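Undergrad: Take this structure, written in structure tokens, and hold onto it; I'll ask about it next.
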Amino acid sequence: MSDVYFSKEIDRILDKIDFSKLGKKVAIKVHFGEKGCVTYISPEFVKKVYDKVISTGRSATLVECNVLYKGSRTNTTDHIKTAKEHGFTFAPIEILDGELGDEETDVKVDGIAKIAKLGAGIKKYDSMIVLTHFKGHIDAGYGGAFKNIGMGLANRSGKLSIHANTKPFINPKKCTACKNCINHCNFNAISIVDGKAKIDPQKCSGCAMCIAVCNNSAVNVPWGSSSHEEVQKKVVDYSKGVLEIIPNTIFINFLINITKDCDCFGIIQKPIIPDVGILYSKDIVAIDKSSLDLVNKKSNNKFDKINNIDKNRMIDYAFSRKLGNRDYKLIDLDR
Ligand code: SF4
Ligand code: SF4
């Protein structure tokens, strides 16, 4: 059984954490929110965590990887600009997979995913605090700590391999034959056919670079080519890879502004259930399981039904992979 601490106050949660157990170079995993999203974790909360780490003489950096799709966080320059516009101006930021999302560190995980392709910069850190906005997710069912590190710390190629079992394809209606993708494809997999770019799936490695460099959004991610179950299990496998590189990792889940979809949607979403509070644990399975249980209870199981995906499947797979305990003791710090 693992301990999970609950409070409505971030300060009480931070008082419970023994920061002396962290290493000297602390990564703080954050999701900065796509431009247009307003329900990402408040920078005020993140600053409190950052200040606490710094006050103990450690270095701390806000870390994230670039996203798969075309948006305000597709490359590092735009990503950091978005983070700053969203108020994350108080700490250094490192986007771990490089300017175009192709810098990679591989970890053998031998699950549904054989290898976890992670942002290369992760290796610089000796400990991590994972700050997660708990909400729904269109593919994984819910977005908790697993989704935050398993999907979030994958580089672009890793994100593509989690989401899809097939290669990207080009929409000829949007393609202007500018050849930018051809110039960036290291696998010689793209050519111009009948005046439009075309990907040869036999040659394509799935690096996803063409998605990042096409300025016309003509390269499509084959969303939906992986089943929800595959996505969930690959996210857990990737999380295993992350925790092998940084075993000294702790988790804080914010059950606040709980929305149906994740913070990658560049729109204003209304919370679907009232706020619950903040959880802290050293156990990734226990924190996500307790988060699910609390939001299900608070919503009379309404949350359980959103996105029509079995959310406990991810917990059960993670438990079977020995990533933590499904049983937990909830300790209410407000009592
Ligand atoms: S970068 Fe985009 S628009 Fe240019 S050739 Fe490739 S797919 Fe077509
Ligand atoms: S995904 Fe990578 S290998 Fe495949 S076509 Fe695009 S750039 Fe080339």
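The values are calculated or read from the model by the stated rules, or taken from the named source; none is laboratory data. What you see is a predicted model, and the numbers here were worked out from it, not measured in a lab. Backbone-built Cβ (ideal geometry, glycine too); neighbour counts: all protein chains shown.
Undergrad: Does segment 183-215 hold any residues that are part of a loop (DSSP other than H, G, I, E, B) and surrounded by fewer than 16 Cβ atoms within 10 Å (Cβ to Cβ), and which are they?
TA: Scanning segment 183-215 gives 186, 187, 188, 194, 195, 200, 201, 202, 203, 205, 215.
Undergrad: Given (1) farther than 18 Å from residue 265 by Cα; (2) outside any helix (DSSP H, G or I), identify the lone condition not met by residue 54.
TA: It fails just one condition, (2).
Undergrad: Moving on. So the check is Cβ under 7 Å with 6+ separation or different chains; which pairs have a first residue in segment 175-199 that's under 21 Å from residue 101 (Cα atoms) and a second one that's small (Gly, Ala, Ser) and near ligand 1 (Cβ under 9 Å from one of its atoms)?
TA: Once the first residue is under 21 Å from residue 101 (Cα atoms) and sits in segment 175-199, its partners that are small (Gly, Ala, Ser) and near ligand 1 (Cβ under 9 Å from one of its atoms) give 181/197; 182/197; 190/197.
To keep it simple, each residue is scored yes or no on (1) closer than 25 Å to residue 138 by Cβ; (2) within 11 Å of ligand 1 (Cβ to nearest atom).
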site: 167; (1), (2): yes, no
site: 174; (1), (2): yes, yes
site: 179; (1), (2): no, yes
site: 182; (1), (2): no, yes
site: 187; (1), (2): no, no
site: 198; (1), (2): no, yes
site: 210; (1), (2): yes, yes
site: 219; (1), (2): yes, yes
site: 229; (1), (2): yes, no
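Undergrad: If you take the residues of segment 294-333 that are farther than 26 Å from residue 112 by Cβ and either in a loop (DSSP other than H, G, I, E, B) or polar (S, T, N, Q) (or both), which of them is modelled with the highest pLDDT?
TA: Among them, the one singled out is 333.
Undergrad: Scan segment 161-174 for residues that are part of a loop (DSSP other than H, G, I, E, B), away from ligand 2 (no atom under 13 Å from the Cβ) and either within 11 Å of residue 223 (Cα to Cα) or in contact with a strand residue (DSSP E or B) (Cβ under 8 Å, 6 or more places away or on another chain) (or both) and jot them down.
TA: 165, 171, 172
One line per residue, one yes/no per condition, for (1) touching a His at 6+ places or on another chain (Cβ under 7 Å); (2) within 11 Å of ligand 2 (Cβ to nearest atom); (3) among the small types (Gly, Ala, Ser):
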{"position": "182", "(1), (2), (3)": "no, yes, no"}
{"position": "189", "(1), (2), (3)": "no, yes, yes"}
{"position": "194", "(1), (2), (3)": "no, no, no"}
{"position": "219", "(1), (2), (3)": "no, yes, no"}
{"position": "223", "(1), (2), (3)": "yes, no, no"}
